1. Counting other beta carbons within 10 Å of each Cβ, put Cys423, Cys101 in order, fewest first.
2. If you take all C-alpha pairs in the chain, what percent of them are over 38 Å apart?
3. Take peptides 450-458, 195-203, 267-275, 250-258 and line them up by average Cβ neighbours within 10 Å, highest first, as a rough protection proxy.
4. Using only the Cα atoms, what convex hull volume per residue in Å³ does segment 52-122 have?
5. Give or take rounding to whole Å, what are the principal axis extents of the alpha carbon atoms in segment 174-215, in descending order?
6. When N is the residue count of segment 57-174, what does its C-alpha Rg come to as a fraction of 2.2 N^0.38 Å?
7. Output the direction-averaged projected area (hull surface divided by four) of the convex hull of the alpha-carbon atoms of segment 180-309, in nm².
8. Calculate how many DSSP beta bridges within the chain are antiparallel, expressed in % of all such bridges and rounded to the nearest 5.
Amino acid sequence: MSPSDRAQPNRAQSGRRNRGRGPQGPGRSGTRGATKPADPARLAAFEVLKAVRVDEAYANLVLPHVLGRLGLEGRDAAFATELASGTLRQQGTYDAILAACIDRPLAKVEAKVLDVLRLGAHQILSMRVPDHAAISTSVDLARSKVGQGPAGFVNAVLRKVSRSSLEEWVIAVAPAREKDHDGWAAVAFSHPRWVVERLAEAVGRDQVDALLAADNVPPAVTLVARPGRSSLEELGGAPTAHSPYGATLESGSPAGIPAVAEGRAGVQDEGSQLVALALAEAGLESRGPEVWLDACAGPGGKSALLAALASQRGASLVANERQPHRAGLVRQNLLARESDALVPGAAGVVAGDGTRAPFRAGVFDRVLVDAPCTGLGALRRRPESRWRRTARDLDVLIDLQRSLLERAIDLTRPGGAVLYATCSPVLAETQGVVEHVLSARSDLRVEPIAATVGQVPNSAGPIAGTVQLWPHRHGTDAMFLALLRRDEA
Ligand SMILES: C[S@@+](CC[C@H](N)C(=O)[O-])C[C@H]1O[C@@H](n2cnc3c(N)ncnc32)[C@H](O)[C@@H]1O
């Protein structure tokens, strides 16, 4: 597709729908006539949606493969990435709009056709693609992937979608905000209603809209310079506000930075860096070289930072992960590339069930339980995950979280510390789990998180002394941290 094939701004419509006009994305083609091949960038986005829907793939993992297979680079790759990720993120809003444009339930629309319609809606309503280009390329896509009949249907539906702006559509199809805030927010901010309710409970009604809006903004790439192995100077970029090891990547790819390519630095949200730091900085009475455990380590981002911090303090880290293939990823993250041995500070990787971990009771000085959770605090970086989780997942996860935390406390020596963390702010997974475990034991107390993490402003968690970070306040994932101290015997 040559630059001259790119569509021009549609002046007739720009006033009516009041949308910004600028780059139009890769080329266009007509809605009639000979079958045209689908535009490669739109085809890539379509394939990503299909992999997410059919194979339960993660969009961010499948995207590079699809882009590579279709030979997309530069602007075309960026366009396909925004198209796929933005469509998945905004799917709730687009489905409400499409439902108003189609005279049968969306469940009765063929899944591939619905994917094409969602992609078209995203281009029309949220990207700066002129309507005629968005509609004609969607028609081409439908014709090449599904057939002539669906192509006509796509044409008719997207023409209806293009008659109003996103803001006008939300007013038309969402419940009235004053009558049903959560129903309105579910459509306006594209979150399942149960998620809106749980997040509102955690952050407060006055803040929930800001949180939901922040969930829809892809985060900047944050890097970590693992101490003793690399430095912030090697990373470039702007230092993060709270983690002394973090920097925000300003441009380019992390893989192009030698320290990242060599495993001495990595990509890691600032909130995750603060979790590792909170465990390392918990004040413990010295009893000789410490042994630390990361009980739920896969894929190993926090283990890599913990090992570096342990090495600086003369301690050693054991990393445990239930799923063998994820334990393999932890091992890779802990390998010193130059020698094929584990990095300084890392003592070993175990593939075991953390609820029955094969270690002696009381053997560890510090234990991290970075618990499997709904991940509702990391929606910014996983566009499809909000549609995968259901409220029913919570019950299973809460049981597992309690068991993992209880076992972790048994493995911690008297006087030692356990850090319980989730990348979810849902109270049942944070406050609920900690209070449940506290109520069952007499040898445990919550200790205020001091040092670096304790100084993050406006980060008080739901139990005194705990910390809750937020995307809209701190620019991090919504990590919850509770430091539990086991009493001396
Ligand atoms: C939130 S993730 C941990 C992320 C990791 N700490 C990091 O920073 O890369 C939770 C991990 O717990 C693992 N897990 C789930 N059930 C477990 C169990 N019973 N024992 C140990 N690990 C478990 C999951 O496979 C997942 O890798």
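No lab work stands behind these numbers, since they all come straight from the coordinates. Keep in mind that what you see is a predicted model, and the values were worked out from it rather than measured. Glycine gets a Cβ as well: all are built from the backbone with ideal geometry, and neighbour counts include every protein chain shown.
1. Details: Cys423 27, Cys101 17.
Going from least to most buried by this count: Cys101, Cys423.
2. Details: 38207 of 119316 pairs.
Looking at the chain, the distances longer than 38 Å represent 32 percent of pairs.
3. On the way: 450-458: 14.6, 195-203: 21.6, 267-275: 25.4, 250-258: 11.8.
Highest mean packing first, the order is 267-275, 195-203, 450-458, 250-258.
4. Details: hull volume 6.4 nm³, N = 71.
Spelled out: Cα convex hull of segment 52-122, divided by residues, is 90 Å³.
5. 22, 16, 16
6. Details: Rg = 14.0 Å, N = 118, 2.2 N^0.38 = 13.5 Å.
It is 1.04.
7. On the way: hull surface 42.8 nm².
Computed as one quarter of the Cα hull surface, the answer is 10.7 nm².
8. Close to 55 percent.
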